[in-house]
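Enquirer: Let me give you the structure first, and then I'll get to my questions.
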Amino acid sequence: MFDKLTERLQGVIENLRGRGRLTEENIGDTLRQVRMALLEADVALPVVKTFIEAIRGKVVGQEIEKSLTPGQSLVRIIHEELIALMGAGVRPINLRAQPPVVILLAGLQGAGKTTSAAKLAKWLKENEKKRVLLASTDVYRPAAILQLERLAQQLDVGFYPSDPKKPALTLAREALEEARRSLYDVLIVDTAGRLHVDDDMMVEIREISAAVNPTETLFVVDSMAGQDAVNAARAFGSALTLTGVVLTKTDGDARGGAALSVRQITGQPILFMGTGEKTEALEPFRAEQVASRILGMGDVLALVENVTRNVDREQAEKLARKLKKGKDFDLEDLHDQLQQVEKMGGVSALMDKLPAHLVAKAGAMNPAGNEKEIKRQVAIIRSMTPKERRFPKSIDASRKRRIAAGSGVHVSEINKLLKNYLQMQKVMKTMSKAGGLGKMLRAFGGRLPGM
């Protein structure tokens, strides 16, 4: 997310190197470049104008701290204004109401409402320890009801069996009665979307809102929708009493304009952002961390939370004990490590949260290529017998041919995997000794072998 905007803003800051101070003259061109960067990122024009004027008011004529260069000073100011633009009023989701707390999701078709409903249910179950009931009122798209039902089963949360032959308003009322009767803490109501805003849709969703009296009415918006997101935000904002925004598909958007626009257009805070297709790929929106990512500073806090949430601690401790006893790191262990990376969203998800200068040090790393490489290596290891995984030295030429045929790759890929494995084995031996982490980083120049 924000890749293009980050790249442009870093270029703007680089142009300020060597300047003694920020003045009306030299800041004019810089602000024009910032304005173009924002417009190219699909940020709404009124938002751009307000943002640029706020920066201009802070920059021109101010005394720069002696410890800061003009570029650093501008970064600090832009960072502050980005936080102010996206973060005003940001708060936790409101669960302080008489149960069941009703959360109503609204938005255009394809924005990701159904998936977001499931992600939110999982987040509330795991982080807030709530009993959640999911309900769909999308009688126009029975596949949406079926999709939500399957997601509910997968997540082991409640689901109200919606009958598409009934009116949407009736389904909403029945779901609320079921939530009260079965003592659910939270009811999440997924509503029908349309390809464009129309009067019938707005009348229906207003009636549903009046019937269930939601504590939270969240506008779900596709971050890749650009100016369409802005137009939809205005329409829904005038039809409903919105209380917050869920920004979806942020992992696929290199521009990020919707994130900078939708807060000001709706007047409501962004509460969550979807960062991938998996049900765990939902993060509470933190303006300060997102602003840091836009400016290439990374989001180390989100990275740490991702690792903490997805890494199997028991498995990691088991591996540590094994290495401490002097036992070898085998292919079964490598398989587990590769799966941990996949659980955290893959290499690209991890790199997206690292500061730009660290990503640059990684050289011409291709995240997409690494995702495929990880999947290929997992497939190869799964084509081995348990004995071959535990004793890789037993894999001779005939075994390599069998494994290659089983995993659909060439024998050269088996050799490549085994070479990478031997490197990892050396790394693990080094790490198991005192002071080994520093030695490992120096040995591999900060890169993991095989990546």
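The values are calculated or read from the model by the stated rules, or taken from the named source; none is laboratory data. Computed from a prediction, not measured in an experiment: that's the story for all the values here. Cβ sites come from the backbone with ideal geometry, for glycine too, and all protein chains shown count toward neighbours.
Enquirer: Could you list, in sequence order, the residues of segment 97-124 that are charged (D, E, K, R) and touching a strand residue (DSSP E or B) at 6+ places or on another chain (Cβ under 6 Å)?
Expert: LYS113, LYS119
Enquirer: Report whether or not ILE77 is among the β-branched types (Val, Ile, Thr) and either modelled with pLDDT under 80 or in contact with a Lys or Arg (Cβ under 7 Å, 6 or more places away or on another chain) (or both).
Expert: Answer is yes for this residue.
Enquirer: Tell me the helices (runs of 4 or more DSSP H) entirely within segment 389-451 that contain at least 3 residues that are at pLDDT below 60 and farther than 22 Å from ARG376 by Cβ.
Expert: It comes to 436-444.
Enquirer: Would you mind telling me which numbered condition in (1) buried (at least 17 other Cβ atoms within 10 Å of the Cβ); (2) without any contact (Cβ under 8 Å) to a residue 60 or more places away in the chain ARG206 fails?
Expert: Looking at each condition in turn, ARG206 falls short on (1).
Enquirer: Another question, then. Within segment 14-26, is there a residue that is in contact with a Lys or Arg (Cβ under 8 Å, 6 or more places away or on another chain), outside the structural domain of ILE265 (by TED's automatic domain parsing) and either buried (at least 18 other Cβ atoms within 10 Å of the Cβ) or at pLDDT 75 or above (or both)?
Expert: Filtering segment 14-26 for residues in contact with a Lys or Arg (Cβ under 8 Å, 6 or more places away or on another chain) gives 26.
Retained after the next criterion (residues that are outside the structural domain of ILE265 (by TED's automatic domain parsing)): 26.
Remaining after also requiring either buried (at least 18 other Cβ atoms within 10 Å of the Cβ) or at pLDDT 75 or above (or both): none.
No, there is no match, as no residue in segment 14-26 is in contact with a Lys or Arg (Cβ under 8 Å, 6 or more places away or on another chain), outside the structural domain of ILE265 (by TED's automatic domain parsing) and either buried (at least 18 other Cβ atoms within 10 Å of the Cβ) or at pLDDT 75 or above (or both).
Enquirer: Restricting the search to segment 384-399, which residues are under 19 Å from ASP330 (Cβ atoms) and surrounded by fewer than 17 Cβ atoms within 10 Å (Cβ to Cβ)?
Expert: Initial filter on segment 384-399 (under 19 Å from ASP330 (Cβ atoms)): 384-396, 399.
Residues satisfying the conditions are THR385, PRO386, LYS387, ARG390, PHE391, LYS393, SER394, ASP396, ARG399.
Enquirer: Here is a further query. Can you report the number of residues in segment 111-145 which are free of Cβ contacts under 8 Å to residues at least 12 places away in the same chain and either touching a Phe, Trp or Tyr at 6+ places or on another chain (Cβ under 9 Å) or assigned to a loop (DSSP other than H, G, I, E, B) (or both)?
Expert: Qualifying residue count for the region: 1.
Enquirer: Residues in segment 290-306: is at least one more than 26 Å from ALA235 (Cα to Cα), modelled with pLDDT of 80 or more and either in a helix (DSSP H, G or I) or among the polar types (S, T, N, Q) (or both)?
Expert: Checked against the condition, which is being more than 26 Å from ALA235 (Cα to Cα), modelled with pLDDT of 80 or more and either in a helix (DSSP H, G or I) or among the polar types (S, T, N, Q) (or both), segment 290-306 yields no hits at all.
Enquirer: I'd like the full set of residues that are surrounded by 21 or more Cβ atoms within 10 Å (Cβ to Cβ) and either within 24 Å of ARG76 (Cα to Cα) or basic (Lys, Arg) (or both), limited to segment 274-288.
Expert: Selection gives PHE285 alone.
Enquirer: With respect to ALA235, is the statement that it is in contact with a strand residue (DSSP E or B) (Cβ under 7 Å, 6 or more places away or on another chain), in the same structural domain as LEU108 (by TED's automatic domain parsing) and not in a loop (DSSP other than H, G, I, E, B) true?
Expert: Criteria not met by ALA235.
Enquirer: Any residue in segment 146-162 that is at pLDDT below 90, part of a loop (DSSP other than H, G, I, E, B) and closer than 18 Å to GLU178 by Cβ?
Expert: So the first thing to find is which residues in segment 146-162 are at pLDDT below 90, and the list is 162.
Remaining after also requiring part of a loop (DSSP other than H, G, I, E, B): 162.
When the remaining residues are screened for being closer than 18 Å to GLU178 by Cβ, the result is 162.
The answer is yes; a qualifying residue exists.
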